[in-house]
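Undergrad: Before I ask anything, here is the structure I am working with.
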Amino acid sequence: MKHLFFKYQNKRQLVLATVGTFLGLLFLFTSLHFLHKVYAYGDKTEMLSKNTIVVQKKVSNASIIGLSNSEFSENEIKDLRKKSFVEKCDVIRSSTFDVLFQIDDPLIPSFNSDIFVQSVKTEFLDVKTDSWSWKKGDEVVPIIMPRDFLMMLNNFLSISNIPQLSDDLVLDLKINLKIKGQMRREWVKAKIVGFTNELSSILVPESFVLWGNAEYGKPDEEVISQLVIKSKDGQFGHLEKYLDDNNLESKKSQMVIARLKSALGVLLSLISVVSLLTVFLAMLVLVQYLQLILTHNEYEIRTLMRLGHSPNVLIRVFMKYFVKLFFIILLLSIGLFGLLKYYLEQLFISGGISLNSTISYYLYIAIILVFGAFTFSIWKSSKNKMEDTFNS
Amino acid sequence: MHFKFQQLCPHVFQDQEIESEVWNKNFEISTNERVLVHAISGKGKTSFMYYLLGLRDDYTGEIYINNKALHSLSVEEWTEIRANKISCVFQDLQLFDKLSVKENFEILPSFASSYKLEDAKEMLDKLDIAEKWDSRVGTLSFGQKQRVALIRSLMKPFDVLVCDEPFSHLDSQNTQKCIGLMEKRLEEEQAGLILSALDSKQEFSGLKTIHL
């Protein structure tokens with residue numbers, strides 16, 4: 001029967017369908033694998049975390065002489081929160097009390113510096129820690145340092161001929177904070193719990209700033225001059241335009257990174273969509289070829305059933321042929337994917353991106369799903385044809 | 001295999017007054033009965049055969065096979081009937097032109113018990129076309145194809161042999177040889193025959209004629 005159905009078919013159509021399916025599967029596997037790996041790499045390196053930027057009003061001569069206000073009003077904050085491209089927006093709260101930062105650790109020489117601390121809500125932090133809370137009576141205040149600060153500190157240590165500090169060492173340092181008000185002062189213990197790349201302030205929990213401001217601060221100095229904004233995926237361009245239109249500014253390097261992250265996110269989404277289309281097209285090409293074969297063989301199918309062949313037997317003949325063909329194409333495309341993967345990984349390494357080289361489990365899922373969907377399509381198309389032809 | 005016909009009439013004849021022993025009549029064809037359905041062209045011989053085989057349903061009335069209405073038969077029941085109960089020579093033969101004569105026999109779902117592929121070759125020999133065994137059917141004349149189609153129908157197991165003008169392109173000598181083979185197989189299978197022909201003089205034994 002295989003001989004009857006397939007021997008006299010146009011081989012060029014078979015070759016075209018096979019090549020189409022092969023290329024489709026190859027692109028699907030390659031894009032799925034690398035999408036997964038690039039996403040994983042992006043997550044690990046914060047390349048694909050949401051864009052979080054700190055904004056403030058542009059400083060102008062007018063603001064220096066007090067003619068314009070650098071403070072954000074309630075209405076301005078509400079307006080920003082309503083924007084479609086803003087996922088979250090909140091104030092950055094600053095301390096209005098004086099803080100002296102002191103490293104009190106036998107590992108390194110004593111180090112003192114006046115600092116000021118700020119706080120943002122936990123959801124804006126790019127640091128994962130369980131210790132980010134403080135309430136009155138707690139012995140230790142958690143601190144998140146800007147990574148730039150650690151680099152500055154290490155520069156200072158280097159110049160002073162003192163060994164530099166690693167991340168792990170810094171996380172173990174004993175730190176004291178001297179909090180000073182107009183009349184009173186108090187020492188509290190502190191501990192660095194992480195480093196931020198996105199915010200350039202020394203951060204403490206909001207409850208600590210509120211407590212400090214109430215106990216030691218100057219209430220008339222409590223102003224909101226900075227906001228932290230998290231933009232929605234792929235909408236950073238709208239936020240950027242809003243900042244321009246409203247005379248707001250952010251750190252330039254932060255803006256560049258945000259633009260890059262936004263572009264990468266859009267690009268990866270685009271590849272995801274193209275991959276999905278490819279699955280559909282790859283299967284469609286071969287299913288279309290089956291439809292063609294079924295139509296060409298309508299007389300043969302009808303006559304065989306008139307001679308007493310069961311429709312199920314005929315369905316099995318088509319299933320066996322196409323599933324076997326698809327399986328061979330699948331194996332070939334997996335083989336070539338292996339080679340392509342090797343060369344693309346070398347390319348990524350040359351570009352400074354070291355991806356995990358284990359095969360993505362997305363690929364196994366895709367193979368099972370594509371094979372299942374294809375087998376079902378072949379069965380369904382053959383069954384429909386047999387049913388249509390049976391009593392004709 | 002027993003057939004019962006109740007007020008059977010093709011849609012095309014519904015508004016016509018027709019003289020027929022088949023259309024709009026109640027009658028039966030019993031197991032092992034040999035029937036010649038005789039009519040001139042255009043009276044619906046092929047339609048009648050197709051109705052019997054469940055290949056068309058453009059009619060009113062009802063046909064019963066072994067007391068079961070034709071339209072109520074499932075795909076599995078039809079497959080069993082077409083494979084083992086009814087064997088057929090179609091007027092347009094329904095051979096596979098792309099395949100060889102041998103392959104046209106090999107493609108049958110099953111052979112009659114005690115029959116093998118070599119028996120088909122022997123029958124071809126009796127009908128003087130044994131040398132066509134490996135030829136593609138598409139290269140044969142219509143008369144040769146008619147003999148191949150007849151042998152194909154005889155190679156299957158059957159309770160009734162349905163033949164739609166099976167000798168239309170055969171000379172009287174070949175017709176006689178074919179009738180001889182058919183008689184032998186009908187005897188072996190203890191089967192009935194439903195034969196349609198333009199000519200009412202068919203040399204089968206015990207043939208009852210019904211005028212369409």
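Undergrad: Is it the case that some residue within the range A:267-279 is under 20 Å from A:T21 (Cβ atoms), touching a Gly at 6+ places or on another chain (Cβ under 8 Å), touching a residue at least 40 places away in the same chain (Cβ under 8 Å) and surrounded by 17 or more Cβ atoms within 10 Å (Cβ to Cβ)?
TA: The answer is yes; a qualifying residue exists.
Undergrad: So which helices (runs of 4 or more DSSP H) are wholly in the range A:231-350 and hold at least 3 residues that are hydroxyl-bearing (S, T, Y)?
TA: The qualifying helices (runs of 4 or more DSSP H) are A:252-296, A:311-350.
Undergrad: Check B:L99, B:L73 and return the single one that is among the hydrophobic types (A, V, I, L, M, F, W, C), over 26 Å from B:I179 (Cβ atoms) and either crowded, with 19+ Cβ neighbours inside 10 Å or facing another protein chain (nearest Cβ under 8 Å) (or both).
TA: Going through B:L99, B:L73 in turn, just one is among the hydrophobic types (A, V, I, L, M, F, W, C), over 26 Å from B:I179 (Cβ atoms) and either crowded, with 19+ Cβ neighbours inside 10 Å or facing another protein chain (nearest Cβ under 8 Å) (or both): B:L99.
Undergrad: Next up: Scanning for something within 14 Å of chain B (Cβ to nearest Cβ) and under 30 Å from B:M155 (Cβ atoms), does the range A:316-334 turn up at least one residue?
TA: Yes: the range A:316-334 contains one or more residues that are within 14 Å of chain B (Cβ to nearest Cβ) and under 30 Å from B:M155 (Cβ atoms).
Undergrad: Could you please let me know if B:R56 is assigned to a helix (DSSP H, G or I) and either of a type in the set (F, W, Y) or at the interface with another protein chain (Cβ under 10 Å from one of its Cβ atoms) (or both)?
TA: In short, no.
Undergrad: Which one of these is on the phi < 0 side of the Ramachandran plot, surrounded by fewer than 16 Cβ atoms within 10 Å (Cβ to Cβ) and touching a residue at least 12 places away in the same chain (Cβ under 8 Å): A:L332, A:L340?
TA: The match here is A:L332.
Undergrad: Same structure again: Restricting to the range A:74-108, name every residue that is part of a strand (DSSP E or B) and out of contact with any Asp or Glu (no Cβ under 9 Å at 6 or more places or on another chain).
TA: Selection gives A:V86, A:C89, A:V91, A:Q102, A:I103.
Undergrad: Within the range A:236-258, is there a residue that is in contact with a Lys or Arg (Cβ under 6 Å, 6 or more places away or on another chain), among the basic types (K, R), surrounded by 15 or more Cβ atoms within 10 Å (Cβ to Cβ) and farther than 15 Å from A:S119 by Cβ?
TA: no
Undergrad: Is one or more of the residues making up the range A:381-388 assigned by TED's automatic domain parsing to the domain that holds A:G24 and over 28 Å from B:I86 (Cβ atoms)?
TA: Yes - at least one qualifying residue is present in the range A:381-388.
Undergrad: Restricting to the range B:76-92, name every residue that is at the interface with chain A (Cβ under 10 Å from one of its Cβ atoms) and touching a residue at least 12 places away in the same chain (Cβ under 8 Å).
TA: Within the range B:76-92, B:W78, B:I81, B:R82, B:A83, B:N84, B:K85, B:I86, B:S87, B:C88, B:F90 qualify.
The values are calculated or read from the model by the stated rules, or taken from the named source; none is laboratory data. Quantities reported herein were computed from a predicted structural model and do not represent experimental measurements. In this analysis, Cβ positions are derived from the backbone assuming ideal geometry, glycine residues included, and neighbour counts consider all displayed protein chains.
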